[in-house]
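> First the structure, then my questions, so here it is.
The values are calculated or read from the model by the stated rules, or taken from the named source; none is laboratory data. In this text the structure is predicted, and so the values were computed from the model without any measurement. FYI the Cβ positions are ideal-geometry reconstructions off the backbone, even for glycines, and counts take in every protein chain you see. Heavy atoms of the whole protein, side chains included, go into the accessibility calculation; ligands, DNA and RNA do not. Shrake-Rupley method; radii C 1.70, N 1.55, O 1.52, S 1.80 Å.
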Amino acid sequence: MKELFKQYLDKGISRRSLTKGLTAAGLTAGAAKTIAQSLAPPAAAQTAAAAPAQIREMKGTGGALFTQQLKAAGVEFIFFNPSTSDSPIFDSLVDESGIQLIKGVQEGAVVAMADGYARASGKLGVVVVASVGLPNAVAQMVNSYKDQIPILVAASSVSQESVGREQMQEYEGIERVTQPMTKWHWMASATTTIAETTRRAVKFATTAPAAPVYLSFPENLLRTEATAQIFDKSLFNVSMKVRPDKLDIEAAARMIIEAKNPLLSIGDEVFQNDAGKEILELAELLGLPVAGQGGSLGFWTKPFPSKHPLYIGPLLRQMRFPGAVDVHLNIGSKHGEQHMPGAKQISMRRDPTSLARGAPVELGMVTDIQLGTRDLIDAVKALATPARLKEIAAERLARTAEFTSKQRKLLDRVIKETPYDGDITMERLGIELEASLERDTIYVNDVDSGKRMDAFMSWGPDDKTYIGTGPNILGWGMAGAFGVKLAKPDRPVVGVVGDGSFLFSGPQPLWSISRYQSPVTIIVLNNRSYNNERNRIWMSGGTQFQAGRDMTCYLGSPDVDYAKTSQAFGVDAEIVKDPRKIQEAVSRAKKANAEGRPYLLDFNLARNGIGAASAWHPAYSVASKRKRMV
Amino acid sequence: MRKLVLIAAATAALSTVAFAQSPPQLPPGEGRDIVAVACSQCHTTNIINIMRKSAAGWREHVYDMFDRGAQVSDTEVDVVVDYLAANFGPGVNVPKFEVAALPDGAGKDLVQQRCGTACHDLTRVVVPRHGRKDWDRVVARMIQVGAPLTADEGKTIAAYLQEKFGEK
């Protein structure tokens with residue numbers, strides 16, 4: 001093998017020949033490709049050798065160099081809210097049809113749109129905002145950072161000659177506010193470096209584990225003309241299709257075959273690497289009970305079929321079923337590595353930085369989740385006969401199915417006992433949405449207490465797709481749904497937000513939804529409170545609970561009419577209060593979407609939990625404090 | 001003067017905080033083991049100790065937890081609800097609250113006897129100020145989750161509370 005490497009590095013053989021030789025020596029095709037990539041010549045040498053079509057020289061303003069490099073990187077959309085100083089960026093797009101501008105009217109909404117687009121498409125979301133509005137953008141970059149979504153955020157800063165003079169809208173070192181929420185941030189130092197800096201930013205943002213990056217362009221650099229090279233994406237698209245070590249995979253396969261009581265937990269990386277089908281195959285091959293990411297807050301995908309008899313619900317601590325686990329296989333979940341007494345932990349993750357971070361693992365593997373799971377399936381099949389595997393799977397499935405069928409019966413009972421009278425409950429709404437939404441709907445979720453509805457609905461690779469955010473910053477949902485629809489225009493998209501989320505973001509996303517004729521349905525779960533928050537606070541039995549005073553969570557005064565708010569932006573909307581009218585209302589929304597129009601449904605819902613009946617809140621009137629009636 | 005009485009009542013009631021903050025203790029009985037394990041998968045069982053509900057109220061609560069992922073099955077749910085209602089129902093294992101002085105009026109005795117003894121003290125009744133609709137809703141909700149009141153008694157209480165402790 002060493003000889004092969006030497007020949008390749010000495011340019012005696014081609015990369016294809018190297019890959020072929022490595023495969024012949026016993027490596028998998030993926031592993032051989034990865035090794036060949038790792039041995040690739042440095043960028044400068046590669047640049048020199050690259051075909052002319054992959055590199056072109058151009059003369060233009062800094063703004064033009066930025067947008068042309070983005071175009072060469074495959075960027076389709078720029079999400080923006082403009083400032084005066086970034087006008088060279090938009091000047092460069094006047095006659096450019098390859099990039100579509102998408103305007104948002106607040107920086108947080110702009111980032112959330114780009115984030116939703118990136119989650120649904122797997123592509124880079126590019127954002128241009130005013131430097132002075134950067135802190136607004138950072139609030140939503142929290143979601144992108146925590147959930148490892150590729151976002152490039154750029155802003156123009158004051159001209160270099162003005163730096164340090166504390167001029168209008170100069171905030172010295174403002175780029176540092178992005179530091180905790182970015183993988184990389186950089187300020188361009190010359191117009192000639194803008195394309196190269198942009199190329200590097202795209203590489204950082206998109207290389208798994210993905211993350212936001214931030215670029216700052218001094219105004220004078222955006223306006224100045226320079227000649228620079230534009231690089232095709234093939235020159236910096238770093239493949240992370242890495243496979244785990246063969247011996248590690250064999251060891252993992254042996255452990256899960258021989259386990260007496262195994263558990264498979266899965267997470268968002270399964271969705272990010274499109275590995276849903278492989279996970280299902282592995283689970284069925286070995287009869288593994290599958291737990292998703294969980295807790296009442298949940299995380300941002302549901303990549304396993306939720307009606308499957310092997311799906312046991314969210315991963316909890318000390319799970320009653322399957323009880324004392326002896327082998328815990330975690331695939332693609334940042335939060336799945338949990339200390340389980342007596343269990344050996346195997347974790348396959350695409351993110352090496354958080355692997356074995358939450359808890360120690362006996363066997364950790366960095367891998368593309370689809371390829372790694374495929375290797376694990378192959379290794380399992382190589383270690384046991386089909387008859388033996390069938391026997392193992394049947395015994396485990398029987399145990400798990402006994403548990404899940406009882407869970408299913410209770411769910412059916414809850415559905416049956418959920419009343420139609422009175423106010424609309426979360427349960428009733430979940431049941432009705434399950435009955436009325438198309439099976440290929442993308443359900444974009446930005447709620448807290450509304451996650452209770454998830455249990456009544458079905459999810460999975462061949463079912464409704466669930467896209468949300470981790471439990472971080474609210475206010476993402478409407479803009480996120482718009483971004484998802486942009487990425488998947490041919491699928492029904494329903495954005496579900498709490499009234500809390502709506503108020504966090506404000507109505508600004510409706511402006512973009514309306515302007516760009518985006519046929520999404522927005523559902524507002526209007527229970528006039530941060531309902532889960534109040535429940536969590538009151539459950540501690542503290543003074544607010546004792547006194548029956550909700551000091552913080554009631555939202556119903558003023559009682560916001562979200563339908564009217566929506567109509568003000570040109571988005572048709574209605575209020576729904578009657579549980580029996582839910583399906584009719586959803587039908588009207590679907591009809592509007594089919595006609596190319598967005599629609600908003602403001603569902604007036606019952607609050608639930610401790611203190612739910614009370615609308616008490618600490619009132620205060622500025623008007624009553626006046627001594628002068630002005 | 002009324003204000004002074006209420007402040008005194010609130011102070012006295014808050015002295016019973018030990019009820020809410022006592023360590024989690026699950027009384028013996030069928031269903032305890034399920035509750036001990038299934039509920040503590042997500043939170044401490046102290047939360048159970050601070051609430052008092054009828055079987056209907058606990059059923060609603062248990063269903064809510066199930067919706068959120070609690071591992072309870074159809075064969076266990078009735079046992080769990082019965083256990084919770086028997087051990088954490090209205091008037092069960094509740095410390096003796098000091099009875100606050102309330103302003104006279106029709107319904108005063110009902111409030112003192114029913115609202116400030118079975119589940120919580122009177123602080124939660126007399127401190128917050130509610131509007132008319134809100135008091136109706138609060139009392140109706142209390143009956144729904146287990147307050148030992150008839151519908152007529154509920155109306156009397158709501159009317160009294162609206163008059164004496166309504167929004168100013």
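> Write out, first by first residue and then by second, each pair whose Cβ atoms fall under 6 Å of each other, whose residues are 6+ apart or on separate chains, and whose first residue, in segment A:144-169, is of a type in the set (Phe, Trp, Tyr) while the second is in a helix (DSSP H, G or I).
Matching pairs, first to second residue: A:Tyr145/A:Met181.
> Just to check your reading of the model, which residue among A:Ala112, A:Ala130 is surrounded by 18 or more Cβ atoms within 10 Å (Cβ to Cβ) and under 30 Å from A:Arg349 (Cβ atoms)?
Step by step, each of A:Ala112, A:Ala130 is checked, and only A:Ala112 is surrounded by 18 or more Cβ atoms within 10 Å (Cβ to Cβ) and under 30 Å from A:Arg349 (Cβ atoms).
> Moving to a separate point now. Which of the residues belonging to segment B:106-144 are of a type in the set (Asp, Glu), within 10 Å of chain A (Cβ to nearest Cβ) and without any contact (Cβ under 8 Å) to a residue 60 or more places away in the chain?
Of everything in segment B:106-144, those that are of a type in the set (Asp, Glu), within 10 Å of chain A (Cβ to nearest Cβ) and without any contact (Cβ under 8 Å) to a residue 60 or more places away in the chain turn out to be B:Asp134, B:Asp136.
> Across segment A:575-617, which residue is nearest to the other protein chains (Cβ to nearest Cβ) among those that are free of Cβ contacts under 8 Å to residues at least 24 places away in the same chain and open to solvent by 50 Å² or more (accessible area, probe 1.4 Å)?
A:Lys581
For every residue, the table says whether it meets (1) assigned by TED's automatic domain parsing to the domain that holds A:Pro88; (2) at pLDDT below 95; (3) surrounded by fewer than 24 Cβ atoms within 10 Å (Cβ to Cβ).
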| site | (1), (2), (3) |
| --- | --- |
| A:Ile194 | yes, no, no |
| A:Val202 | yes, no, no |
| A:Ala205 | yes, no, no |
| A:Ile230 | yes, no, yes |
| A:Lys241 | no, yes, yes |
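> While we're here: What are the residues in segment B:22-60 that are within 11 Å of chain A (Cβ to nearest Cβ) and without any contact (Cβ under 8 Å) to a residue 12 or more places away in the chain, if any?
Answer for segment B:22-60, where residues must be within 11 Å of chain A (Cβ to nearest Cβ) and without any contact (Cβ under 8 Å) to a residue 12 or more places away in the chain: B:Asp33, B:Ala36, B:Val37, B:Ser40, B:His43, B:Ile47.
> Mind checking which helices (runs of 4 or more DSSP H) fall wholly inside segment A:437-545 and carry at least 3 residues that are surrounded by 24 or more Cβ atoms within 10 Å (Cβ to Cβ) and more than 14 Å from chain B (Cβ to nearest Cβ)?
Ranges flagged: A:477-487, A:499-505, A:508-515.
> For the condition on the phi < 0 side of the Ramachandran plot, within 14 Å of chain A (Cβ to nearest Cβ) and in a loop (DSSP other than H, G, I, E, B), what is the one hit in B:Pro103, B:Pro95?
It is B:Pro95.
> Next question. Please determine whether any residue of segment B:64-75 is in contact (Cβ under 8 Å) with a residue 60 or more places away in the chain and either among the basic types (Lys, Arg) or more than 11 Å from every other protein chain (Cβ to nearest Cβ) (or both).
No, segment B:64-75 has no match at all.
> Looking at (1) within 20 Å of the chain's Cα centre (by Cα); (2) among the charged types (D, E, K, R); (3) outside the structural domain of B:Pro148 (by TED's automatic domain parsing), can you tell me which one B:Glu30 breaks?
(1)
> Of all residues in segment B:31-63, how many are of a type in the set (A, V, I, L, M, F, W, C) and closer than 23 Å to B:Arg141 by Cα?
Result for segment B:31-63: 8.
Residue by residue, here is whether (1) over 24 Å from A:Val153 (Cα atoms); (2) open to solvent by 40 Å² or more (accessible area, probe 1.4 Å); (3) of a type in the set (Asp, Glu) holds:
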residue	(1), (2), (3)
A:Ala210	no, no, no
A:Leu247	yes, yes, no
A:Gly276	yes, no, no
A:Leu282	yes, no, no
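> Further, regarding this structure: For segment A:259-272, indicate whether the set of residues that are assigned to a helix (DSSP H, G or I), of a type in the set (Lys, Arg) and surrounded by fewer than 21 Cβ atoms within 10 Å (Cβ to Cβ) is non-empty.
No: zero hits.
> May I ask you to list the residues in segment B:145-163 that are away from chain A (no Cβ under 14 Å), in contact with a helix residue (DSSP H, G or I) (Cβ under 8 Å, 6 or more places away or on another chain) and touching a residue at least 40 places away in the same chain (Cβ under 8 Å)?
Residues satisfying the conditions are B:Pro148, B:Glu153, B:Thr156, B:Tyr160.
> Please determine, by comparing only the residues of segment A:546-564 that are of a type in the set (A, V, I, L, M) and in a loop (DSSP other than H, G, I, E, B), which one is surrounded by the fewest Cβ atoms within 10 Å (Cβ to Cβ).
Out of the qualifying residues, it is A:Met551.
> If a residue has to be more than 12 Å from chain B (Cβ to nearest Cβ) and open to solvent by 20 Å² or more (accessible area, probe 1.4 Å) to count, how many in segment A:304-320 make the cut?
Within segment A:304-320, residues that are more than 12 Å from chain B (Cβ to nearest Cβ) and open to solvent by 20 Å² or more (accessible area, probe 1.4 Å) number 4.
> A follow-up question, please. Among the residues of segment A:212-228, count how many are assigned to a helix (DSSP H, G or I) and surrounded by 24 or more Cβ atoms within 10 Å (Cβ to Cβ).
Summing the residues that are assigned to a helix (DSSP H, G or I) and surrounded by 24 or more Cβ atoms within 10 Å (Cβ to Cβ) in segment A:212-228 gives 2.
> Of these, A:Ala356, A:Ala324, which one is touching a Gly at 6+ places or on another chain (Cβ under 8 Å), within 14 Å of chain B (Cβ to nearest Cβ) and surrounded by fewer than 18 Cβ atoms within 10 Å (Cβ to Cβ)?
A:Ala324
> Right, here's the next one. Condition check: in a helix (DSSP H, G or I), open to solvent by less than 40 Å² (accessible area, probe 1.4 Å) and modelled with pLDDT of 95 or more. Does A:Ile256 satisfy that?
It is true that A:Ile256 is in a helix (DSSP H, G or I), open to solvent by less than 40 Å² (accessible area, probe 1.4 Å) and modelled with pLDDT of 95 or more.
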